[in-house]
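The values are calculated or read from the model by the stated rules, or taken from the named source; none is laboratory data. Note that this is a predicted model, so its numbers are computed, not measured. Keep in mind that these areas ignore ligands, DNA and RNA; they rest on the heavy atoms of the full protein, side chains included. Shrake-Rupley method; radii C 1.70, N 1.55, O 1.52, S 1.80 Å.
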Amino acid sequence: MQKEVMNASPRAYVRRAITLYQQLAGSAVRPRQSDRRLAHELHRQGVSLDLLESALRLAVARRTDRPEDAPPLEPIGSLHYIVPIIEELRRCPKISRYAEYLREHGEPKKPAEVQIPTFLDDR
């Protein structure tokens, strides 16, 4: 367990986890009771708040990186959405480093559309 989790009371951890979730772009406005139970379980498992925040940022980055003509996604309805991402971050250090990059630099911006120049010869 990381020091941060060991020092945080379950109540403080859950409060912070829910706050992070609510600040997530594209999340449901109101957390559910099941989200609070999951946050308690994550605390019990020793998931650091840093790891939790990294998983949330990675979720947003992945949802943001979509074609512009793709239909809009439904809001993330539950904290449970990031459980597989937490496991992925635990298994793969490279992804974890990218999540740290997102924390430092913010979510990626969509690249500007490339404009193809038109030339008179192309007509």
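Using a 1.4 angstrom probe and counting only protein chains, how large is the accessible area of ARG63 in Å², to 10?
ARG63 exposes around 50 Å² with every protein chain in place.
So what are the ³J(HN,Hα) numbers for region 41-48, from phi and the Karplus equation (6.51, -1.76, 1.60; θ = phi - 60°), rounded to whole Hz, Gly and Pro as x?
5, 4, 4, 4, 7, x, 6, 5
For region 25-89, just run the numbers: alpha carbon Rg, then divide by 2.2 N^0.38 Å, N being how many residues it has.
Working it through for region 25-89, the quotient is 1.18.
Amide H of ILE76 versus every other amide H placed in the peptide plane: which residues, excluding those fewer than 5 positions away on the same chain, fall under 5 Å?
SER27, ALA28
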